[in-house]
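The values are calculated or read from the model by the stated rules, or taken from the named source; none is laboratory data. Fair warning: this is a prediction, and the values are worked out from it, not measured in the lab. Because the Cβ atoms are built from the backbone with ideal geometry, glycine has one as well, and the counts that use them run over all protein chains shown. Please note that ligands, DNA and RNA were not included when accessible areas were found on the heavy atoms of the full protein model with its side chains. Shrake-Rupley method; radii C 1.70, N 1.55, O 1.52, S 1.80 Å.
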Amino acid sequence: MPVPFSDMFPETPAAAAALAVATRFCPPALLNHSIRSYLWGAGYARAHGIGFDDELYYVSSLLHDIGLTETFDSHTVPFEEAGGRLAWVFGMAAGWSPDRSARAEEIIVVHMRDPVAASEDPESHLLQVATSWDVSGRRPEEFPADARAAVLALHPRLGFGAEFFAAFEAQARRKPGCAAACSVEAGIAARLAAHPLDA
């Protein structure tokens with residue numbers, strides 16, 4: 001397995017707690033997507049020499065879509081904002097400072113916003129790159145076949161595309177104008193259906 005995409009995770013109490021939360025509340029396909037998002041981003045960072053806060057990025061990756069789950073879905077707040085606020089609560093409960101907790105919230109919100117540069121905000125940049133690859137197949141050249149096979153062997157997609165699109169459609173119906181609704185209008189269904197990881 002290529003070193004940049006090795007299945008290595010930070011070993012801290014907050015990291016373990018984030019995995020426990022995600023495992024309890026995310027369905028298996030969404031949980032695997034969250035773990036893959038960490039692995040894709042961490043591998044991309046190491047391949048490009050991008051320094052990042054590993055624990056912060058891991059926690060943010062695991063919780064970035066928790067606002068799509070049945071338990072934490074908000075009928076009024078966009079899912080990334082609901083998930084970001086939950087991440088803030090999580091960080092404070094984990095003993096993080098208010099500033100560090102706010103960074104987790106920011107990373108989760110920003111992953112559905114306009115692209116940010118690694119030099120400006122490395123963790124948000126990594127989550128944007130990782131999720132846009134895992135969801136929409138963007139930047140395939142950054143993720144070689146051996147890395148794809150290694151990650152998918154441990155964290156398969158399990159019908160992720162159809163499940164994810166259904167969640168985004170539900171968001172779009174209830175919250176017109178949110179980022180998920182814009183993604184639906186922009187053709188995310190076609191990108192999910194044609195994803196190279198499902199080929």
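Just a yes or no: is a residue in the range 171-178 buried (at least 16 other Cβ atoms within 10 Å of the Cβ) and touching a Lys or Arg at 6+ places or on another chain (Cβ under 7 Å)? No: the range 171-178 contains no residue that is buried (at least 16 other Cβ atoms within 10 Å of the Cβ) and touching a Lys or Arg at 6+ places or on another chain (Cβ under 7 Å).
Within the range 117-131, can one find any residue that is open to solvent by 50 Å² or more (accessible area, probe 1.4 Å), at pLDDT 95 or above and in a loop (DSSP other than H, G, I, E, B)? Looking for residues that are open to solvent by 50 Å² or more (accessible area, probe 1.4 Å), at pLDDT 95 or above and in a loop (DSSP other than H, G, I, E, B), one finds at least one in the range 117-131, hence yes. Answer with yes or no whether ASP134 is at pLDDT 95 or above, among the charged types (D, E, K, R) and out of contact with any Pro (no Cβ under 7 Å at 6 or more places or on another chain). Yes. Set side by side, the residues THR69, THR76 differ, and just one is of a type outside the set (Gly, Ala, Ser), at pLDDT below 95 and within 29 Å of ALA172 (Cβ to Cβ), which is THR76. Residues in the range 145-179 that are touching a helix residue (DSSP H, G or I) at 6+ places or on another chain (Cβ under 9 Å) and under 17 Å from LEU39 (Cβ atoms): ASP146, ALA147, ARG148, ALA150, VAL151, LEU152, LEU154, HIS155, PRO156, ARG157, LEU158, PHE160.
Being closer than 19 Å to GLU70 by Cβ and in contact (Cβ under 8 Å) with a residue 12 or more places away in the chain is true of ALA167. Can you name every residue in the range 28-54 that is open to solvent by 50 Å² or more (accessible area, probe 1.4 Å) and either β-branched (Val, Ile, Thr) or on the phi > 0 side of the Ramachandran plot (or both)? Correct list: GLY49 only.
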